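**Student:** Before we start, here is the structure in question, set down as structure tokens.
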Amino acid sequence: QLQLVESGGGLVQPGGSLRLSCTGSGFTLDAYAIGWFRQAPGKEREGVACISSNDGTTFYEDFVKGRFTISRDNAKNMVYLQMNNLKPEDTAVYYCTKGTTCTDPMGPYWGQGTQVTVSS
């Protein structure tokens, strides 16, 4: 039984910050590239950021560069997404998943996601 569990979402005002957490149930995350994705209402799921398994290299989509930071703590079996200067368009359900590398297809294991709502 392999499961990914996301947490840390919530309601925040524009310009605020949240830190999302991702952990694995039934496996350890350190052997995999871990990506964060999000899905807004009526939209397809889109990639947000990824961190590699070997050297910790990070990748970001342009719309979050300079605002979001992905990191991992292998000792805690955790991957984080620090989100700063949040915008209303960041509102979505955020998911994490795994892949061999950040350039390979990811999945098929998805958690229930964590809701991020940015609103005044």
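**Student:** Measure off 7 Å from each Cα along the Cα-to-Cβ vector at Met78 and Lys43, then give the distance between these two points in nanometres to one decimal.
**Tutor:** Each label point lies 7 Å from its Cα, and together they span 2.7 nm.
**Student:** Determine which aspartates and glutamates satisfy two conditions relative to Lys76: a Cα distance under 19 Å, and not lying fewer than 8 residues away in the same chain.
**Tutor:** Glu6, Asp30, Asp55
**Student:** Given a Förster distance of 41 Å, report the FRET efficiency between Ser119 and Leu2 from their Cβ-Cβ distance, rounded to the nearest 0.05.
**Tutor:** 0.75
**Student:** Another one. Roughly how many nanometres apart are two label points built 7 Å out from the Cα toward the Cβ at Thr58 and Asp30?
**Tutor:** For Thr58 paired with Asp30, the spin-label model returns 2.0 nm.
**Student:** OK, next. Semi-axes of the equivalent ellipsoid for the chain, please: Cα gyration tensor eigenvalues, times 5, square-rooted, ordered largest first, whole Å.
**Tutor:** Largest first, the chain gives 22, 14, 13 Å.
**Student:** Taking Lys43 as the anchor, which aspartates and glutamates have their alpha carbon closer than 19 Å to its alpha carbon, excluding any fewer than eight residues away along the same chain?
**Tutor:** By straight Cα distance, Lys43 reaches Glu61, Asp62, Glu89, Asp90.
**Student:** Follow-up. Tell me, what is the percent relative contact order of region 68-118, built from C-alpha pairs under 8 Å that lie six or more residues apart?
**Tutor:** Rounded, it is 32 percent for region 68-118.
**Student:** A further question follows. For Lys65, give me every one of the lysines with a C-alpha distance below 19 angstrom, ignoring sequence neighbours fewer than eight places off in its own chain.
**Tutor:** Cross-link targets: Lys87.
None of the figures in this text is laboratory data; all of them are computed from the coordinates on show. As the structure is a prediction and not an experimental result, all values here were calculated from the model. Because the Cβ atoms are built from the backbone with ideal geometry, glycine has one as well, and the counts that use them run over all protein chains shown.
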